[in-house]
Amino acid sequence: MNDLIKKIIEGSDLDKVFAYVLDNIYKSGPVSVTDMEILSYLALYQPEIFAQHKDSVLNYMGIFYKELSRQTLKDVVFGQYRKYIKDTFHKDYTPVQANIVKGIDANRCFSFSAPTSTGKSFVFMDRITESQHDVVVVVPSRALINEYYLKLCEFINDKTVNVLTFIDKINTSVAKRNIFIVTPERCRELFRQKENFIVDLFLFDEAQLSNEDSKRGLYFDSIVRRCQKAYPNAKFVFAHPFVQNPDSQIQKNHFDVEVSSSIQYKQKNVGQIFLSIDDNWNFYHFGIEKSIMGNRKFQCDFDPIMETIKREGSVLFYISKAKIYNRSFLNQFSRYINLCKEIASEKIDVYIKQLKQYTGGDTIANKNYYSQMIALMKRGIVIHHGSLPLQTRIIIEQFTRAGFCRICFATSTLEQGINMPFDVVYLDRLEKSKPLSVKNLIGRAGRSTEKSEFDYGFVVISTSNNISNFRNIMIQDEVLENVSALEKNEQHDDDYNEFKDAIINDTFSDEYNLTEKELSILTADNINRLIEAILNSIFRNNQLIPLADINADDYCRLQLYENFNNLYSTHLGRALIDAEKYVLNTAIKIMIWRVYGKTFKNICWYRYSYVSQSHEREKLERLGRKTDSLNAKFMTGFHDIPDKNLRAFGLFPEGTKAKDVDYDLVMYDTYDYIDKLIGFKLSDVFYAAFFKYYERKNDLRAFKLAKYIKYGTDDERHIWMLRYGLSFEDIEILDEHIDRINSEAIIFKDSINNVPNELKSSVVRFL
C-alpha cells in the first residue's frame, strides 16, 4: 500500500485500504502511528463508509468502555475478551488497563511505559482507592498534583480517607488512612514522620524525571531509595510515556528481579492527522511513513484550527515563553484570536472573579493592574506556563476541563501528565533536544471520549519546523539510563556533589532538608552575631515591629538586607557577586512581606505600584498632566541563585514607559521568586539558621521568625489551617467559620453553609 492519503481523500481503492488497516489492527492492535493515521483519514474523509467498519475497528482496538455492536465472528471473539476482563476485574478495562492491573498486583515493583490517552490514570485511581493503607503518589510538578487531587476527590467520597497534597498527620479522629500526592521535594516530609504511616503503595508517575541530568533527577533517585529503605514491604509502580526500557527503574534501584516486572505498551486509543502550515496559512497533509502515506505533501482543503474554533472545540498552541512575555503571539495568531468572542456565562464570571481575587489583576484596559491573561479568559483564551501561580493554574485547568477553553497558548508545562486534551495541537517550535516533551504534547491532540466513535485529533507544525525531524521524533522512544545518578562517577558543581555525598552517606537532614555540612555552617559561632542583628532589627519586646517602621528607616532596612545577605553568603561559603545580591535583596523584600502576612495579591500590587510609578502617575493625572515622560523604575527580575555568572537585568527593558508596565509579568515574576527561590531554597536555609539559634540561645524571637519563614505566620491556629492545606487567601475567607482545629479534626461553625461553594473548595472534604 502507498500514497494512502491521496487515495483516501480521492476515494480510490477504499476496500483495499480498509482490508489492509483492519488486518493490521486485528493482528497487532493499535500500536502503529501509521495505522491510526489511516483510520483518522478514513473517519474524516470517508465517514459513511467508515461507519460500516467502525465497531470492528473499536473492537480490534480493545476500547471496551465504548458501547459496541458485534456483527462478525472476529467481533464476537473480542466481545468474549471484553466479558472475561469484566468478569475478572469488574471494570470495562481495555486490554492494556487490565494488564497494568495484573502487573501491579503480581509484583513488588512494576515499571511500564504507555502513550498518552491509554487510560492509565483510571487504573491508578482504582488501585489507589482499593488500597487498604496509606498511598504515596509522586509526580514531577505541582500542576500534576492538582490533577490527581481533583480526580481522587471525585473517586473517593469516603471521609475516612485523607486526600492530601502534602504529608502530615492530621484529621486523625476521622481519617483511617491517607493518600499523599506530592513532588519528590515534598516527599521528604514522609521520612520525618515515617513511623506514623503504613504505606503499601508508592506510585511514581512521569518517572522519566529520573533521567534528568540535574539535581532534580538525583533527588528523584534518592527518594526512591529512601522509600525502599523506610517501607520495605510496599509496592512500587513506575509509569512513563514513550519510554523504550521501563525495566531501567528495576535495574537502577536494585529491585529483586524475581518480584519485579516491566513492559512497554504501544497501544493507542486516539488517532491523529499530521499537517504542516506555510506562511500564507495553507495547510498540507503529510504522513509519518512516507512509503505508505505518500512522499509528497498533499494540500488540505480546510483550516482545521479555524473549523475547530468555530464549532467550539479547543486548540493548543505550543509556543515559547518569550512570545508569551513579549505578547508577540497576539499578532502572530490574531486570525484565530479574533474568532473568539466574549462568552456570556455566569460560570465563566465565577472563574474570572476567583482569578481577580487571587492575583489582584483586573480586566479594565488602560487602568492599573490590568491583566491581559484574565481579560483573554473572558473570550475562552487561556495562557499556561511554568511561572503561572499555582492557584491561577488550578483555576485555568478547571476552566478548560469545564469546556470553556477555545484556545490555549502554552509552553511545555502541559507535557507531563496533565489531562487537558485538545482537538488540535499546533507546534510553533520543535525542540529536537526534548523529543519526549514534543511527543507528550502531540499526545494532547484528540480527545478520548466514551462516545461510540473513533476519536482523533489534528497535529499542525509550522514550516519553520523540519518535517523529517518531526518524523524522527515520532518514531523514536526515550531510552532511560540503567545506572542511577547516585552511582555514577560524574562530577558536577560543588552543590550537586555535596548533596549527592550526603544522600549516599546518609548525612542528609530530613528535618531541615540540608546536608550535615550545611547545618554545621549555620550553627557556627560566627552566625550568632548575624542572627542577633536580624532579630534586633525586626523585633521589639518579642513582637514584630510595624512594617511601616522598617520601610521608614532606610539605614535599618539596608542593614537588615545586608545581614540576610551575609547569612546566605556564609551558608554558601563565598561572597555573592553584585547580580546575585540584587536578586537576593528582592527575594528578602518579598520574604519579609510574607512574614508580615501580605498575600500574593498584596505583594504583586506593591511591586507593580513601584515599577509602574502608579502613585506619581495618579498625581500627574489629577493635575491634568500627561504621564508619557515617566519611565518604569528598575526592578530586578527573577533568576535562580547561586550563579557566579549571573548578570543583573531588569524585569522590564530600559526605556519602558511606566504606563506600559505589564501587570501579568509582575505577577509571574513574583510567583517565581516565591515558589522557585524563597520556597525551594531560601526558606530551608533561613528556617534552619533561626531554629538552631533558638535551640542554642532559647531566644523566642528566633523561634517566632523560624515559624514565620516556614509558614508565613506564628499563629498556631493559622498554622493548623495551613497544615490542612488552606492557603492564606483561604484563611482570610474561612477563619471566622472555623470553630476549632487541631491534629484530630477541623470543626466548622454552622455559618460555613452560607459560604459560596467556590470559596470553600479547599475544605469540602473535611465538611
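No lab work stands behind these numbers, since they all come straight from the coordinates. Here the structure is a predicted model, which is why all the values come from computation and not from measurement. Methodologically, a virtual Cβ is constructed for each residue, glycine included, from the backbone with ideal geometry; neighbour enumeration extends over all protein chains shown.
Under a point spin-label approximation (7 Å from Cα along Cα-to-Cβ), what is the residue 507-residue 52 distance to one decimal in nm?
The modelled label-to-label distance comes out at 7.6 nm.
If each residue of separation counts as 0.36 nm, what is the full-extension length gain between residue 432 and residue 476 once their alpha-carbon separation is subtracted?
Net length gain for the segment: 14.7 nm.
Checking the cross-link filter: which aspartates and glutamates have an alpha carbon closer than 16 Å to that of residue 626, excluding same-chain neighbours under 8 positions apart?
616, 618, 660
Could the peptides 445-454, 378-387 be put in order, highest first, of the mean number of other beta-carbon atoms found within 10 Å of their residues? It would help to have the intermediate numbers written out before the result.
Numbers: 445-454: 17.4, 378-387: 21.1.
Ranked from most to least packed, the peptides come out as 378-387, 445-454.
For the chain, what is the relative contact order in percent, using Cα pairs closer than 8 Å and at least 6 residues apart in sequence?
13
So between residue 462 and residue 533, what do we pick up on full extension, going 0.36 nm a residue minus the alpha carbon distance?
19.7 nm
At q = 0.09, 0.14, 0.16, 0.18 Å⁻¹, what log₁₀ I(q)/I(0) does a Debye calculation on the Cα points of the stretch 303-475 give, no solvent, two decimals?
Scattering profile of the stretch 303-475, log10 relative to I(0): -0.31, -0.75, -0.97, -1.23.
What is the distance in Å between the Cα centroid of the stretch 680-720 and that of the stretch 189-247?
If we compute the Cα centre of each part, the gap is 29 Å.
What nm distance separates the two modelled labels at residue 577 and residue 339, each placed 7 Å from Cα along Cα→Cβ?
Result for the modelled spin labels: 4.8 nm.
Would you work out the relative contact order for the stretch 170-259, in percent, from Cα pairs under 8 angstrom that are 6 or more residues apart?
30
Quick one: if you stick a label point 7 Å off each Cα along the C-beta vector at residue 547 and residue 311, how many nm between them?
5.2
May I ask you to derive the FRET efficiency for residue 557 and residue 494 from their Cβ-Cβ distance with R0 = 45 Å, giving the value to the nearest 0.05? Mind dumping the intermediate values first?
On the way: r = 32 Å, r/R0 = 0.72.
The computed FRET efficiency comes out at 0.90.
Work out the FRET efficiency for residue 233 and residue 755 from their Cβ-Cβ distance, taking R0 = 51 Å, and round it to the nearest 0.05.
0.75
Order these peptides, 72-85, 543-556, by their mean beta-carbon neighbour count within 10 angstrom, highest first. The partial results should precede the final answer.
On the way: 72-85: 14.4, 543-556: 12.6.
For the peptides 72-85, 543-556, the packing ranking is 72-85, 543-556.
Considering all projection directions equally, how large on average is the shadow of the alpha-carbon convex hull of the chain, in square nanometres? Walk me through the numbers on the way to the answer.
On the way: hull surface 142.9 nm².
Seen from a random direction, the Cα hull of the chain projects 35.7 nm² on average.
Can you spot the lysines whose alpha carbon is less than 24 Å from residue 297's alpha carbon? Ignore those fewer than 8 places along the same chain.
Within the straight-line cut-off, residue 297 pairs with 6, 7, 16, 432, 439.
Apply 1/(1 + (r/R0)^6) to the Cβ-Cβ distance of residue 83 and residue 258, taking R0 = 35 Å, and write down the FRET efficiency to the nearest 0.05.
Calculated value: 0.60.
Can you list the lysines whose alpha carbon is less than 23 Å from that of residue 66, not counting same-chain residues fewer than 8 positions off?
Qualifying lysines at Cα under 23 Å: 27, 54, 74, 83, 86, 91, 102, 120, 151, 266, 268, 451.
Averaged over every viewing direction, what's the projected area of the C-alpha convex hull for the stretch 210-301? Give it in nm², one decimal, please.
10.4
Starting from the exponent 0.38 and prefactor 2.2 Å, build the expected Rg for the stretch 715-767 from its residue count and divide its actual Cα Rg by it.
1.00
List, largest first, the extents of the alpha carbons of the stretch 95-264 along their principal axes, each in whole Å.
Per principal axis, max minus min of the Cα coordinates gives 45, 35, 32 Å.
Based only on Cα atoms, what mean projected area does the convex hull of the stretch 538-677 have, in nm²? Present the calculation step by step, with values, prior to reporting the outcome.
Details: hull surface 39.4 nm².
Projected area, direction-averaged: 9.9 nm².
log10 I(q)/I(0), Debye, Cα-only the stretch 597-694, no solvent, q = 0.12, 0.14 Å⁻¹?
-0.51, -0.65
Quick check: residue separation of residue 282 and residue 453 times 0.36 nm, minus the Cα distance between them. What number comes out in nm?
58.7 nm
Round to a whole angstrom and tell me the spacing of the C-alpha centers of the stretch 505-538 and the stretch 20-39.
A separation of 61 Å, based on Cα centres.
For a protection proxy built on the mean count of beta-carbon atoms within 10 angstrom, sort 560-568, 361-369 highest first, please.
My ranking of the peptides, most packed first, is 560-568, 361-369.
Separation of the stretch 72-132 and the stretch 299-377 by C-alpha centroid, Å?
A separation of 38 Å, based on Cα centres.
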